Structures are given as structure tokens and as C-alpha cells.
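Have a look at the structure below, then the notes.
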Amino acid sequence: EAGVAQSPRYKIIEKRQSVAFWCNPISGHATLYWYQQILGQGPKLLIQFQNNGVVDDSQLPKDRFSAERLKGVDSTLKIQPAKLEDSAVYLCASSLGRVSTGELFFGEGSRLTVL
Amino acid sequence: SQKIEQNSEALNIQEGKTATLTCNYTNYSPAYLQWYRQDPGRGPVFLLLIRENEKEKRKERLKVTFDTTLKQSLFHITASQPADSATYLCALDIMDSNYQLIWGAGTKLIIKP
């Protein structure tokens, strides 16, 4: 079974530029998460989708971050304009249902460096 | 304030010994607690889930305990091997309306040959 796919793996941009990350979850997984992980810290939830609806985006900096999950399958996370503090690994994860029903499956992550 | 604490310093263990990692939390009443392993440059990988009414859970060389009175979970790796070297993250399922997982910062485990 294919795992969670993310791209690109690495991205280097100048501040104030824009960037987009793509995620394809495991087939059949209804819930999709985007996390931000800064070096030395645990993952911080940015947004959670249940099918194509947003369940929680309370920690998403909406003035610069946006995310969508069209057709309830793959998802994109966009940052515009980027700031230095956005340098982090952006992790996509999926699960069959709500997290309490079991584990999250993570992708390899997209490492963003903002110069 | 609500907090999850894991040992911030790396844990160095001799190969063959038991490694014990700690996850402490305050002001939460989690229904579940999960442990994940994260290797450098990779996403976290699920290891074990333990429910609030379970005292202990085992999987091969791994053992997790969950003490809701002490607000603590212990994660044990017996007969540790250099391949067990990684960062281990605990995550609490606080069963709020959004079913969020709240993550610790992780503990880096180094198993020396």
C-alpha cells in the first residue's frame, strides 16, 4: 500500500516569495492534516480536513497561509508571502477517521528554508 | 497552562540495556496517548497507542505505561539496539471537539554499541 506522498521534499525561497506544497494521502483516508515542525519541536497542527471540509484551522496564520483539499483527496498548502520564521518542515498526515480511532500516517515532509 | 514535557536532553543508553523515556503532561485529561518514532529527515512513524483505562501495552521489545493519576506515560525499549536510535514523540488525544493530538517536543535516544 502506498504511503502519504508529499512534494517537493526541499524548497528554498526568499522572504516575501510564495511556495506551495502538495500532499496525496493514503487511499481511503478521510482525514488529512498539515503540521508545521520547527527543528527541535513537536509537530504543530495547522489545519485538519475531514473529507473536503475543514475541521480545525485555528492555528493556521490565515493572513499568509491557505490550504485546500478539493474532492476530498489530495491537498495543497500555500504560503504567501513567506517570512523567515516559516522555515520549518511541513508534514502531511492522514488517518482513516478521527484521530482517536487510531494512528496517523505521515509523509516524509517538505523542508522549507526562507532566506 | 496546558503542557506536555519530554526529556529535552538526549538520552544515551548502552546497547542491550533498557531505555526508558518519559512523557509528562499537565491540565489535560487525555483519553488516549500515542508514541511515535521520528528519524532525521523523515516523518513520524506510529508505534503504540494506549487508552486511559489501560495500564500497560506491549509490542515486541516496546512497552508503554499510562498513569492518569501521575499524568505520566513511560516508554520502554528493552534489549536496545543502535537501530533504535531516533527521536521519540508522545502525543495526547485530548478528545476535544476536533479530536486533536497534542504533541510533545520529543526525546532523542542514542544507543551506543
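The values are calculated or read from the model by the stated rules, or taken from the named source; none is laboratory data. Note that the coordinates shown come from a computational prediction; the quantities given were computed from them, not determined experimentally. Using ideal geometry, Cβ is built from the backbone for each residue, glycine included, and neighbour counts are taken over all protein chains shown. Accessible surface areas use protein heavy atoms only, side chains included; no ligands, DNA or RNA. Shrake-Rupley method; radii C 1.70, N 1.55, O 1.52, S 1.80 Å.
In the range B:8-27, whose amide N lies under 15 Å from the spot 7 Å out along Cα-to-Cβ of B:Glu52? List them in ranges. The answer is B:25-27, whose backbone nitrogens lie closer than 15 Å to the label point. Using a cutoff of 8 angstrom between alpha carbon atoms and counting only pairs six or more residues apart, the relative contact order for chain B works out to 36 percent. Relative contact order of chain A: 37 percent, from C-alpha pairs under 8 Å at least 6 residues apart in sequence. In plain terms, chain A is cut at each of the GluC sites (Glu not before Pro) found in a DSSP loop with at most 16 other Cβ atoms within 10 Å, and the longest leftover piece is A:15-115. Placing unit charges on the Cβ atoms only, positive for Lys and Arg and negative for Asp and Glu, gives the range B:3-112 a dipole magnitude near 240 debye about its Cα centre. For the range A:5-108, a Kirkwood hydrodynamic radius built from all Cα pairs, placed in the Stokes-Einstein relation at 4 °C and 1.567 mPa s, yields a translational diffusion coefficient of 94 µm²/s. When chain B is described by a simple charge dipole with +1 on each Lys and Arg Cβ and -1 on each Asp and Glu Cβ, the residue from B:Leu49, B:Pro30, B:Thr18 located farthest towards its positive end is B:Thr18. The alpha-carbon atoms of the range B:3-112 define a convex hull whose volume equals 96 cubic angstrom per residue. Within the same chain, aspartates and glutamates fewer than 8 places from A:Lys15 are excluded, and of the rest, those with a Cα less than 17 Å from its Cα are A:Asp63, A:Glu85, A:Asp86. So which lysines pass the test for B:Lys3, namely a Cα distance under 22 Å, with those fewer than 8 places away in the same chain ruled out? Result set, ordered by chain and number: A:Lys44, B:Lys55, B:Lys71, B:Lys108.
At q = 0.11, 0.15 Å⁻¹, what base-10 log of I(q)/I(0) does the Debye formula yield for the protein assembly as shown when every alpha carbon is treated as an equal point scatterer in vacuo? The Debye formula, applied to the Cα set alone, gives -0.56, -1.01. Based on protein heavy atoms only, the protein assembly as shown ends up with 49 Å² per residue of surface accessible to a 1.4 Å probe.
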